[in-house]
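Report on one structure; see the data block that follows.
Computed from the coordinates by the stated procedures, all read-outs in this text should not be read as laboratory data. Values in this document were obtained by computation on a predicted structure and should not be read as measured data. Cβ placement follows ideal geometry from the backbone for every residue including glycine, while neighbour counts extend to all protein chains displayed.
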There are 4 protein chains.
Amino acid sequence: MGSELAHLKSPNPNFADDVRRSFAQQPIMNLLGASLALVEPGVVEIALPYRADLAQHHGYLHAGAVTAIADSACGYAAYTLMPAGSDVLSVEFKVNLLRPAQGEMFVARAEVIKAGRTLTVVSADVFALAGYTKTLVATMQGTMIRIVRASSSADHS
Amino acid sequence: MGSELAHLKSPNPNFADDVRRSFAQQPIMNLLGASLALVEPGVVEIALPYRADLAQHHGYLHAGAVTAIADSACGYAAYTLMPAGSDVLSVEFKVNLLRPAQGEMFVARAEVIKAGRTLTVVSADVFALAGYTKTLVATMQGTMIRIVRASSSADHS
Amino acid sequence: MGSELAHLKSPNPNFADDVRRSFAQQPIMNLLGASLALVEPGVVEIALPYRADLAQHHGYLHAGAVTAIADSACGYAAYTLMPAGSDVLSVEFKVNLLRPAQGEMFVARAEVIKAGRTLTVVSADVFALAGYTKTLVATMQGTMIRIVRASSSADHS
Amino acid sequence: MGSELAHLKSPNPNFADDVRRSFAQQPIMNLLGASLALVEPGVVEIALPYRADLAQHHGYLHAGAVTAIADSACGYAAYTLMPAGSDVLSVEFKVNLLRPAQGEMFVARAEVIKAGRTLTVVSADVFALAGYTKTLVATMQGTMIRIVRASSSADHS
């Protein structure tokens, strides 16, 4: 439901550049063909054009692709509210698949629900765009953890 | 935790062929490089060799790829216990990412927890294999829905 | 995030009476001291005054009580959009506990995200009220199933 | 699915006493009539006899009561593997309700899946006992956070 964080400021003055640099270093986003569509404090959108090789057996976008863009959007939305020098990892997420993911383009929009020192809770909606219609096809609720970059070694908990 | 379904029989005598045929029709599994490793009544395993283009920004397998194989394994595990002529869709799933997904090979093993007429609850563990070690990196709990194939139209609920 | 269902009409002209009658038949709501605060198509609120005997070991409202009102609110929100003669059961839910549940009063507000023939997806926010402040303490995302009342026997799936 | 933690040792030599003392300080467990049935490193069981005032509108145990014992079992299972002086809070959990919670007695059995320095992932199964039968009625997957007791103030993340 509604995020409580409006008119947020990021503690990291370079948050948008940092998100874009990190996103460019995620090879799977390139493989899928996803791109950053919006980066604001507490809000990130990722767009993914439909491609037949991303489908499941009915031709709909596979839940793995839906989840990939929703999870990355959640992680980066959390990241926009973290101090410089942080890193972010997903702890867990839950996805409800509401309708078949049919469309020409998909957009995952993530909003921070609660930003904490260590843990940040984020929700994301994934919309399918087809012609002039926009349909909600999935919704995610997840938890992200902040890692201080120097110690971003093997164990994230 | 432990599945309660041991020594199960499928109501579909061709369940294994049906799973293999459906899997072969999931283009995203081919894009990722995933393959079916085990198909038994109530249990399915999917294997995915590591590739650099499936990684997130630390070089670990992206949560979207982890989820893609876990979700497909859950869906097919549910499918093995459905009557012939059924179809399966994911309703929802929850993933806990336990450790960085580092390894040469990943295996998602799904087991049915409870098979119902309409809904089937499944859990999956995703393991990373590296040399002789096998590490649990993620665990999923999800709900799959049976669709009677003739009516597998737009609305799955 | 935002519900897509605004200005809804219920297919059951007596939905509000039916919700109130069913709620009155939930003994645990009486044990906890919870009451219905709002019943509209697609939206239900349940209020619960703090009592020391509902607490966990720090004196905060126990997650079980938080979940009880959130789950009942989700079930009844789904129910408001079902035809007369339906019954509703929870399939699954996920709760993020955002802050310690400290307050004089708690309100769970549930909104339908997607109503289907069989399954309805609902989200709920739980707020703590203390003096003039209102704090979001938990958020739920869940799936409810419609049962046709005649067959509401043992197996709900 | 299977916990990976067998033959565990607790870093807290008094873990069992600490769990029992903390449990005794949870008023809601007393209100519900729940008791600790097993406390071992990484594993905790909580038992709850059926009472009519814990039911939902069909007479089954309400999902809030099911969740209350599952969540407390998960928290204490995590706690058994934490150093002395720790405190534990629930971050999030997901519950699948598999069958109507009908029975004379309910037992929530929680097992740690992965214990980390900060976060611990736990799963729990809730069984209904009736005569000589034992039925799995719900399964939980959740995340618990360790708090160092001195700083167990308002913000748990």
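Result for chain B in a Gaussian network model with C-alpha springs under 10 Å: among B:147, B:113, B:69, the largest mean-square fluctuation is at B:147.
Take every pair of alpha-carbon atoms less than 8 Å apart whose residues are at least six positions apart; their mean separation over the length of the stretch C:1-79 yields a relative contact order of 26 percent.
Peptide D:126-136 is shielded by partner chain Cβ atoms: per residue, an average of 1 of them sit within 10 Å of its Cβ. Shape annotation for the stretch D:1-114: C-alpha extents along the principal axes are 44, 31, 24 Å, from largest to smallest. Cross-link partners of residue A:9 among aspartates and glutamates, defined as those whose alpha carbon lies under 17 angstrom from its own and excluding same-chain residues fewer than eight positions apart: A:17, A:18, A:40, A:111.
Look at the alpha carbon pairs under 8 Å that are at least 6 residues apart: their mean separation over the length of the stretch A:63-137 gives a relative contact order of 32 percent.
For the options A:146, A:109, A:51, a Gaussian network treatment of chain A with springs between C-alpha atoms closer than 10 Å singles out A:51 as fluctuating the most. Could you sort out which of A:134/C:114; C:94/D:114; B:94/D:114; C:114/C:134 sit more than 24 Å apart by Cα distance in this structure? As for pairs spanning more than 24 Å Cα to Cα, those are C:114/C:134. Seen from all directions on average, the protein assembly as shown presents a Cα convex hull projection of 26.1 nm².
With semi-axes defined as the square roots of five times the eigenvalues of the C-alpha gyration tensor, the equivalent ellipsoid of the stretch C:52-157 measures 29, 14, 11 Å, largest first. Would you mind checking the tilt of helix C:63-79 against the longest principal axis of the Cα atoms of chain C, expressed as 0 to 90 degrees and rounded to 10? Rounded to the nearest ten degrees, it is 30.
Less than 5 angstrom separates the built amide H of residue C:116 from those of C:121, all sequence-distant by 5 or more or on a different chain. With contacts taken as Cα pairs under 8 Å at a separation of at least 6 residues, the stretch D:12-154 carries a relative contact order of 24 percent.
For residue D:138, the residues whose amide H sits under 5 Å from its own are D:98, D:126, ignoring neighbours fewer than 5 places away on the same chain, with H placed 1.01 Å from N. About its Cα centre, the stretch A:1-140 has a charge dipole of approximately 100 debye under the convention of +1 per Lys or Arg Cβ and -1 per Asp or Glu Cβ, with nothing else charged. Couplings 3J(HN,Hα) for the stretch B:88-100, derived from phi with the Karplus relation 6.51 cos²θ - 1.76 cosθ + 1.60 (θ = phi - 60°), are 10, 10, 7, 8, 6, 8, 10, 10, 9, 8, 8, 8, x Hz, where x marks Gly and Pro.
Look at the dipole of chain B built from charges on Cβ: of B:145, B:88, B:8, the Cα furthest out on the positive end belongs to B:8. Pairing the Cα long axis of helix C:15-24 with the longest principal axis of chain C, what angle in degrees results, from 0 to 90 and rounded to the nearest 10? Once rounded, one gets 50 degrees. Here the residues C:9, D:114, C:134, ranked from fewest to most Cβ neighbours within 10 Å of their Cβ, fall in the order C:9, C:134, D:114. Per-residue mean of foreign Cβ neighbours for B:66-72 is 6 (Cβ atoms of other chains, 10 Å radius).
The phi-based Karplus calculation (6.51 cos²θ - 1.76 cosθ + 1.60; θ = phi - 60°) puts the 3J(HN,Hα) values of the stretch A:127-138 at 10, 9, 10, 8, x, 9, 9, 10, 10, 6, 10, 7 Hz, whole numbers, x for Gly and Pro. Between residue A:132 and residue A:149, the simple spin-label model (points 7 angstrom out along Cα→Cβ) gives 4.6 nm.
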